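Notes to accompany the following structure.
The values are calculated or read from the model by the stated rules, or taken from the named source; none is laboratory data. Computed from a prediction, not measured in an experiment: that's the story for all the values here. Cβ atoms come from the backbone with ideal geometry, glycine included; neighbour counts cover every protein chain shown.
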Amino acid sequence: MSHNCLTAALLVTAVLITAATVSACTGADAPSDDTSDAITADAPELTGLELISDGKTAFTIVRSDSADDDATVSLLNRLKTAFKEKAGVSIALDNDWVKKGSEPDSETYEILFGPTNHPESAQALEGVKYSDFVIKMIGNKIVINGYTVQTRAKAVTYFITNILSRAAEGQDLIFTEADNYVSESKYLLETVTLGGQSLADYTITVADDASYVAQDFARRLRSSIAGKSGYYLPIAETAEGKIISVTDGGDGEWSASLADGTLTCTAGGMWGWDLLYDAVNDTFRGAKDSLALENGWSVSGSVSASDDKEIVRSQTIDGDIRVMYHNVWSGAVYNRDDMEAELYLSYMPDVIGLQEISANIRGEEVSLFDLLADEYTEVEVKATNKSGNNYTPILYRAERLELIDAGWHLYNDNAGDQSKSITWAVFRDKTTGKQFGVANTHFYWTSDEKGKAARLIDAQEIAKVVADVQAKYSVPLVIGGDLNCGISSDPQKNLTQAGWVNAHDGASVYRSESNGHHSYAPLDELTGLYANGPMPTGTYDTAIDHIYTCGGGLEVRVFNTLLHRYALDASDHCPIYVDLKFES
């Protein structure tokens with residue numbers, strides 16, 4: 001007999017025995033066959049799964065093969081420990097990997113945790129709102145699921161408190177339909193309609209080849225809607241019926257309009273999509289209890305009309321040239337290159353100095369360099385380190401600048417990783433005819449005595465490289481990058497003694513006071529996205545990314561640290577840039 005059949009038989013038998021006992025206690029005659037039939041017919045048809053039997057369990061806890069983040073692992077271990085502590089039972093942990101071409105086994109007894117590849121995981125979430133969780137028996141599976149790690153954590157607490165707590169060591173535990181549970185949270189908006197149709201019936205559509213910012217807008221809009229109304233809308237390339245259409249539009253323009261029940265969202269560029277998101281989000285946030293948008297509703301605007309100070313600053317160079325530096329972090333790429341490209345193309349520096357450009361970043365199928373290829377050219381130099389890879393490249397706008405000369409130097413600081421170097425280039429500005437140089441560098445990183453000694457050597461060597469370039473070309477230079485030390489450190493004191501001028505201190509129009517270094521953004525391995533990076537703490541006094549000028553002839557107008565969410569999500573360093581004016 002199967003577990004299901006045995007359990008059902010045991011439960012029905014228990015009901016019959018209970019009914020007979022009640023009859024005997026009241027002194028009634030023994031029930032006739034008709035009475036027995038009546039009791040059997042009226043008894044509820046109870047079904048369940050033997051979660052624990054004879055001190056053992058036939059179940060395995062199963063997670064998604066890609067869900068190995070710390071939070072998920074912690075919850076699974078908590079669940080496993082609870083089985084042992086509450087019932088004295090050992091339960092195995094596994095993932096949902098199956099051989100290519102195979103399907104998950106529907107007959108095995110499993111507790112499905114989170115978004116596994118088993119259809120029961122998605123089935124259980126049908127009708128469940130974003131901030132809620134579900135615990136549900138489907139076939140031979142018990143599903144514990146929610147849309148976020150936070151809701152799944154609540155589900156684990158509920159399961160342990162309300163289900164496993166019924167178990168005692170040596171006793172059986174049966175999961176019945178009465179144990180199925182869906183939590184119910186309160187939401188800002190209990191009902192939302194578009195053209196009279198419930199928002200719950202909508203799908204967000206965005207083309208697979210749409211820009212990264214358009215796809216990001218679709219995800220952000222879904223999260224905003226889910227948080228305010230609980231409706232977690234599907235995102236698809238196309239869909240039938242009620243849709244929220246997300247499409248790329250003209251650069252700098254943005255709009256949203258509702259017609260015939262279709263909400264169309266269109267924008268261009270990072271700032272355009274940001275402004276559209278704010279406008280639509282404000283519409284939802286401004287409502288209370290319910291929101292009804294009627295056909296004909298619309299909002300629109302343009303980036304050029306925005307009075308946001310950062311947007312205004314990004315759109316116009318205050319001076320003649322803009323030079324940006326960014327440590328992009330050499331780790332796994334995922335969506336980080338898309339965010340970095342959007343930042344650079346939104347601020348359009350004339351020269352970009354990058355650090356930690358590892359071989360894996362260059363080796364992406366569509367690399368950061370490919371994403372920038374329409375606007376930027378890499379300065380060609382020969383790297384002589386073991387890998388033959390230039391970790392500190394310079395990119396420039398060939399339409400605006402003419403490359404005169406360039407070079408590369410590997411630090412001889414005995415630190416050993418051979419990724420710390422200097423790339424330098426001399427340019428002629430095609431607009432003004434002025435010549436200038438740019439040096440991009442990365443000093444050694446450890447905070448121990450070895451690292452301190454290495455950075456002193458790095459500072460000495462870059463000072464010599466810069467002096468040699470000036471002696472040959474008689475041009476002012478902009479020098480910057482990740483120096484891995486504060487402004488008051490000995491290496492930087494040596495640079496100022498060599499005649500270098502700190503750009504932050506010399507900025508005449510605007511200077512950001514923020515430290516640009518911060519913790520890494522977490523990776524959601526299920527979506528393959530980095531998001532929710534933290535803001536830097538501290539001021540420029542604690543910064544390790546710096547820009548200097550040397551040789552005169554350049555006025556620093558602006559020193560800025562980018563704190564856009566893409567800067568926080570893409571790397572543990574925020575980009576910094578200067579706007580410079582040639583002195584006559």
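Residues in the range 525-569 that are without any contact (Cβ under 8 Å) to a residue 60 or more places away in the chain and charged (D, E, K, R) were compared, and the one that is surrounded by the fewest Cβ atoms within 10 Å (Cβ to Cβ) is ASP541. Which helices (runs of 4 or more DSSP H) sit wholly inside the range 468-584 and have at least 3 residues that are on the phi > 0 side of the Ramachandran plot and modelled with pLDDT of 95 or more? Ranges flagged: none.
Within the range 74-89, is there a residue that is at pLDDT 80 or above, hydroxyl-bearing (Ser, Thr, Tyr) and in a loop (DSSP other than H, G, I, E, B)? No, the range 74-89 contains no residue that is at pLDDT 80 or above, hydroxyl-bearing (Ser, Thr, Tyr) and in a loop (DSSP other than H, G, I, E, B).
Check VAL333, VAL312, VAL246 and return the single one that is in contact with a strand residue (DSSP E or B) (Cβ under 9 Å, 6 or more places away or on another chain) and either closer than 30 Å to VAL578 by Cα or outside the structural domain of ASN515 (by TED's automatic domain parsing) (or both).
Working: VAL333 fails: in contact with a strand residue (DSSP E or B) (Cβ under 9 Å, 6 or more places away or on another chain); VAL312 fails: in contact with a strand residue (DSSP E or B) (Cβ under 9 Å, 6 or more places away or on another chain).
Answer to the check: VAL246.
Which residues, counting only those in the range 90-107, are in a loop (DSSP other than H, G, I, E, B) and loosely packed, with under 15 Cβ neighbours inside 10 Å? Give the derivation first.
Pass one, the range 90-107, residues in a loop (DSSP other than H, G, I, E, B): 90-91, 96-107.
Across the range 90-107, the qualifying residues are SER90, TRP97, VAL98, LYS99, LYS100, GLY101, SER102, GLU103, ASP105, SER106, GLU107.
Counting the residues of the range 427-454 that are more than 17 Å from VAL478 (Cβ to Cβ), out of contact with any helix residue (DSSP H, G or I) (no Cβ under 9 Å at 6 or more places or on another chain) and charged (D, E, K, R) gives 4. Might you let me know whether the range 434-454 holds any residue that is assigned by TED's automatic domain parsing to the domain that holds TYR334, within 33 Å of the chain's Cα centre (by Cα), assigned to a helix (DSSP H, G or I) and over 24 Å from PHE559 (Cα atoms)? Yes, the conditions are met somewhere in the range 434-454.
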